[in-house]
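Before any comments, here is the structure.
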Amino acid sequence: MTVRVLTWNLFHGRDAPPDPCLHTWRSRILGAEERNATHAQVNRPLRTEFSDLIAGLEWDLALIQEAPPRWLEALCSAARASGRSALTARNLGAGVRAPLAEWRPDLLASWEGGSNLVLARAPWRIDETRRLTLTHRPERRRMLWVRLSEPGGRTLCAANLHASITGRGPERDVVRAAARALAWAGASPLVLGGDLNLRPRLSPAAFEALARRGLGPAGAPDSVDHLLAHGLEVVEPPRALPAARREIERPDGRRLRLSDHAPLLARFALGGGRGLRS
């Protein structure tokens, strides 16, 4: 049996055109649309666009970071999935800020508040959910962990993380999260993924530490997004989708690029002797 896994940082549900000149204060404050010959930058809610794109990708398990907390139900409905969430940073007063975020998403940006999500499609069912707070300062970082099962009796655990960004924070968060996720998983296989804010080229020691725990493979040398497996066979190693796959073509021919991260997809097999089984 194989399981297809997606991880994606949604950039708080905002678009990210490749031309930095389209990111203007005029757009951020006034909501004006900026355009060049190929792309547009909009300052409006993009829940439908993100939901449709996620629903159209092939996955059984999705690990989502920087998701607006109020999006869980819409994403699950569009993708025909069940889901769980863990609130992360800047969610104090979310009820007041949510209307502002709907009005001008780019004005609040990450100050809208964020969440990590795990979505699961049938035949997988989420049986258990745990959350681990890794840091409170400079902002809260949390791991969302779930145990899943399918009608054939197989189990699978998944841990979703958006690690700290400064100093030794990412390595500390990831190593601690990995240890706890493995302990909670016990004999069940595990997928640990998300925006780890660690690049294998710059932080080889961190990935060597993960490999000693049986977690791998490391992603592209300069990628911060990873899907690491323990007790699973790698059928298709993690690959980032090309930018065009997360772009929406508009009637005027210009494209709307969703998020500043590319979705990452991998496929693993449950059972079998080789691969990453420890």
Handout entry: Cα-based Rg and Dmax for the stretch 209-270, where Dmax is the largest Cα-Cα distance (Å)
Key = 15.4, 52
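Where the eigenvalues come from the Cα gyration tensor of the stretch 110-178, what are the semi-axes √(5λ) of the equivalent ellipsoid, largest first, in whole Å?
28, 13, 8
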Handout entry: Length-normalised contact order for the stretch 1-94 - Cα pairs under 8 Å, 6+ apart - percent
Key = 35
Exercise for the section: Report, in degrees rounded to the nearest 10, the 0 to 90 angle that the Cα long axis of helix 94-103 makes with the longest principal axis of the chain. Expected result: 50
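Where only protein heavy atoms count, and the probe is 1.4 Å, what is the accessible area per residue for the stretch 149-278 in Å²?
On the way: 5740 Å² over 130 residues.
On a per-residue basis, 44 Å².
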Completion exercise
Once amide hydrogens are built 1.01 Å from N within the peptide plane, the residues lying 5 or more places from S164 or on another chain with amide H under 5 Å from its amide H are D173
Exercise for the section: Round to a whole angstrom and tell me the spacing of the C-alpha centers of the stretch 27-49 and the stretch 185-260. Expected result: 27
Exercise for the section: For E34, list long-range residues whose amide hydrogen, built 1.01 Å from N in the peptide plane, is under 5 Å from its own amide hydrogen. Expected result: Q41
Problem - Relative contact order [Cα under 8 Å, 6+ residues apart], the stretch 181-278, whole percent - result: 28
Problem - Residue-by-residue Karplus 3J(HN,Hα) for the stretch 224-232, coefficients 6.51, -1.76, 1.60, Hz, glycine and proline x - result: 9, 9, 9, 10, 10, 10, 9, x, 10
Completion exercise
In whole Hz, the Karplus estimates of ³J(HN,Hα) for the stretch 27-36 (6.51, -1.76, 1.60; θ = phi - 60°; x where Gly or Pro) are 5, 5, 8, 9, x, 6, 7, 10, 9, 10
Handout entry: Inter-probe distance in nm under a simple model that places probes 7 Å from Cα toward Cβ, at L202 and S149
Key = 4.3
Completion exercise
Counting only residues 5 or more apart in sequence or on a different chain, those whose built amide H sits under 5 Å from that of L228 are L192, G193
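Divide the volume of the convex hull of the Cα atoms of the stretch 139-198 by its number of residues and quote the answer in cubic angstrom per residue. Don't skip to the end; give the middle numbers.
On the way: hull volume 4.2 nm³, N = 60.
Output value, Cα hull per residue: 69 Å³.
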Practice task
Determine the principal axes of the Cα atoms in the stretch 1-130, then give the extent along each, sorted from largest to smallest and rounded to whole angstroms.
Solution key: 50, 37, 19
Handout entry: Spin-label model distance (nm) - W25 vs E249, 7 Å beyond Cα toward Cβ
Key = 3.7
Practice task
Tally the DSSP beta bridges in the chain and give the antiparallel ones as a percent, rounded to 5.
Solution key: 80
Practice task
Can you figure out the FRET efficiency of R35 with S110, using R₀ = 25 Å and their beta-carbon distance, to the nearest 0.05?
Solution key: 0.50
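Would you mind calculating the relative contact order of the chain from Cα pairs under 8 angstrom and at least 6 residues apart, reporting the percent as a whole number? Don't jump to the answer; show the numbers that get you there.
Numbers: 666 pairs, mean separation 60.8, N = 278.
Relative contact order comes out at 22 percent.
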Practice task
For the stretch 141-172 and the stretch 104-118, compute the distance between their C-alpha centroids and round to whole Å.
Solution key: 20
Handout entry: Structure-derived Rg and Dmax of the Cα atoms in Å - corresponding label in (i) 18.4, 65; (ii) 18.4, 58; (iii) 19.6, 60
Key = (ii)
Practice task
Quantify, in whole percent, the carbon and sulfur part of the accessible surface of the chain (1.4 Å probe; protein heavy atoms only).
Solution key: 52
Fill in the blank from the handout: The ³J(HN,Hα) series, computed from each phi in the stretch 138-151 with the Karplus coefficients 6.51, -1.76 and 1.60 at θ = phi - 60°, rounded to the nearest Hz and given as x for glycine or proline, is x, 8, 6, 10, 9, 9, 9, 10, 9, 10, 10, 9, 10, x
Handout entry: the chain: angle of helix 47-56 to the longest principal axis, Cα-based, in degrees nearest 10
Key = 40
Exercise for the section: Quick one, can you get me the convex hull of the C-alpha atoms of the stretch 122-277 expressed as volume per residue in Å³? Expected result: 140
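The values are calculated or read from the model by the stated rules, or taken from the named source; none is laboratory data. Fair warning: this is a prediction, and the values are worked out from it, not measured in the lab. Glycine gets a Cβ as well: all are built from the backbone with ideal geometry, and neighbour counts include every protein chain shown. Note: areas computed on protein heavy atoms with side chains; ligands, DNA, RNA excluded. Shrake-Rupley method; radii C 1.70, N 1.55, O 1.52, S 1.80 Å.
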